[in-house]
1. Which ones in the range 11-29 are basic (Lys, Arg) and surrounded by 17 or more Cβ atoms within 10 Å (Cβ to Cβ)?
2. Is it the case, given these coordinates, that LYS122 is basic (Lys, Arg), on the phi > 0 side of the Ramachandran plot and not assigned by TED's automatic domain parsing to the domain that holds VAL205?
3. So which pairs qualify, if the first residue must be in the range 295-319 and among the aliphatic types (A, V, I, L, M), the second must be in a loop (DSSP other than H, G, I, E, B) and surrounded by 10 or more Cβ atoms within 10 Å (Cβ to Cβ), the Cβ gap must be under 8 Å, and the two must be at least 6 apart or on different chains?
4. Condition first: outside any loop (DSSP other than H, G, I, E, B), within 16 Å of GLU33 (Cα to Cα) and either of a type in the set (A, V, I, L, M, F, W, C) or assigned by TED's automatic domain parsing to the domain that holds CYS288 (or both). Can you find one or more residues in the range 180-191 that meet it?
5. So, of the residues in the range 198-254 that are hydroxyl-bearing (Ser, Thr, Tyr) and over 12 Å from the mean Cα position of the chain (by Cα), which turns out to be modelled with the lowest pLDDT?
6. May I ask you to list pairs of residues, at least six apart or on different chains, whose Cβ atoms are under 6 Å apart, with the first in the range 145-163 being buried (at least 16 other Cβ atoms within 10 Å of the Cβ) and the second being at pLDDT below 95 and basic (Lys, Arg)?
7. Given the residues LYS221, LYS171, which is the only one that is basic (Lys, Arg), under 23 Å from ALA51 (Cβ atoms), surrounded by fewer than 22 Cβ atoms within 10 Å (Cβ to Cβ) and touching a Leu at 6+ places or on another chain (Cβ under 8 Å)?
Amino acid sequence: MLLNVKDLKIKFKDDKHDNYTVNGVNLNINEGEIVSLVGESGSGKSLTSLAIIRLISESAQIEGEINFKGKNLLNLNEKDMCLIRGKDISIIFQEPMVALNPLFNVEKQIGEVILEHKKLSKKEVRNMVIDLLEKVKIPNPKDTLKKYPHELSGGMRQRVMIAMAIALKPKLLIADEPTTALDVTVQKEILNLLKDISKEYNMSVIFITHDLDVVSEIADKVYVMYLGKVVEEANVYEFFDNAKHPYSQGLLLSRVGSDLINNRFFSIKGNVPTIDKIPKGCSFNNRCDYCMDICKNNEPKLKEICDNHKVSCFKNFNI
């Protein structure tokens, strides 16, 4: 087991309510496994990933355990965490134009990541950067070295971000919606690139997205999150064939290309509540077509309904 997250809870000191933004998340990720965190905006996906790499606001209060290679990262000071961040655990952010420094060229940005953890000559670093640009399939890598972010297309910027993230062959890569702003063709290329690199390096990936079509392309396992909790966990085939939680089913029905219902596209009713207005009982009860009295007063626990498939729901699944 590479990563084991136990009962992760996050709240912020500035909040004027007692609710946790992330509330009791458990994750298990094996070496070389690609796991997707799925859910609407506000479900806690990105916050969970930022807690794992310890890039979260200082105003956050974090409880639980984040065990990476047997070591609880929450017990490390910032100096020790810096030895892990970028080397053993790395991250790709959603919008590379914002994540990349506009004042530095490609060579300097990737080179800084390398020099943070390795003592190498300028020539050695340059050769490593060229190799990385070739690895992420950037044409004419030597010409790209001196280019700045604004001189690159969105797809090329994302490839530079991937090159930075894999520079030191991390054991865990966090990819926070890395294909959202890309067109379909480039998106496919980036997904294939991440899969190939994961396989070559035996690198685990946490892939954060709200796009289930992307999940079907890349993931081995799926965690569905809603209002800071995992409501369903299953391998990718079981999830798409046999999703059980009403929220998961709603997400699947909402995909473009799903069958029309009464000549209309399906959408989950209502909106995700703000964190200070989470319903009592099951947090999804105010949007659920199967809501029962028990759902309004009691919180369902995540339970195994068959091998490698867990659901947090009171519904009778008739398995």
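The values are calculated or read from the model by the stated rules, or taken from the named source; none is laboratory data. Please read these numbers as outputs of a predicted model, since none were measured by experiment. Using ideal geometry, Cβ is built from the backbone for each residue, glycine included, and neighbour counts are taken over all protein chains shown.
1. First pass over the range 11-29, keeping only residues basic (Lys, Arg): 11, 13, 16.
If the condition is that a residue be basic (Lys, Arg) and surrounded by 17 or more Cβ atoms within 10 Å (Cβ to Cβ), then LYS11 is the only one that fits.
2. Working: basic (Lys, Arg): yes; on the phi > 0 side of the Ramachandran plot: no; not assigned by TED's automatic domain parsing to the domain that holds VAL205: yes.
No.
3. LEU302/SER312; ILE305/LYS244; ILE305/PHE317; VAL311/LYS244; VAL311/HIS245; VAL311/LEU302; VAL311/PHE317
4. Going residue by residue through the range 180-191, those that are outside any loop (DSSP other than H, G, I, E, B) are 184-191.
Cutting the leftovers down to within 16 Å of GLU33 (Cα to Cα) gives us 191.
Keeping just the survivors that are either of a type in the set (A, V, I, L, M, F, W, C) or assigned by TED's automatic domain parsing to the domain that holds CYS288 (or both) gives 191.
Checked against the condition, which is being outside any loop (DSSP other than H, G, I, E, B), within 16 Å of GLU33 (Cα to Cα) and either of a type in the set (A, V, I, L, M, F, W, C) or assigned by TED's automatic domain parsing to the domain that holds CYS288 (or both), the range 180-191 yields at least one hit.
5. Our first condition is that a residue be hydroxyl-bearing (Ser, Thr, Tyr); within the range 198-254, this holds for 198, 201, 204, 209, 216, 223, 226, 237, 247-248, 254.
Keeping just the survivors that are over 12 Å from the mean Cα position of the chain (by Cα) gives 198, 201, 216, 226, 237, 247-248, 254.
Values: SER198: 97, TYR201: 96, SER216: 94, TYR226: 97, TYR237: 96, TYR247: 96, SER248: 96, SER254: 86.
Within the range 198-254, the match that is modelled with the lowest pLDDT is SER254.
6. Listed by first residue and then by second, the contacts come to PRO149/ARG157.
7. On the way: LYS221 fails: touching a Leu at 6+ places or on another chain (Cβ under 8 Å).
The unique qualifying residue is LYS171.
For (1) in contact with an Asp or Glu (Cβ under 6 Å, 6 or more places away or on another chain); (2) surrounded by fewer than 18 Cβ atoms within 10 Å (Cβ to Cβ); (3) closer than 17 Å to GLY228 by Cα, each residue gets a yes or a no:
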{"position": "MET1", "(1), (2), (3)": "no, yes, no"}
{"position": "LYS9", "(1), (2), (3)": "yes, yes, yes"}
{"position": "GLU31", "(1), (2), (3)": "no, yes, no"}
{"position": "VAL38", "(1), (2), (3)": "no, no, yes"}
{"position": "ILE53", "(1), (2), (3)": "no, no, no"}
{"position": "GLU58", "(1), (2), (3)": "no, yes, no"}
{"position": "GLU63", "(1), (2), (3)": "no, yes, yes"}
{"position": "ASN77", "(1), (2), (3)": "no, yes, no"}
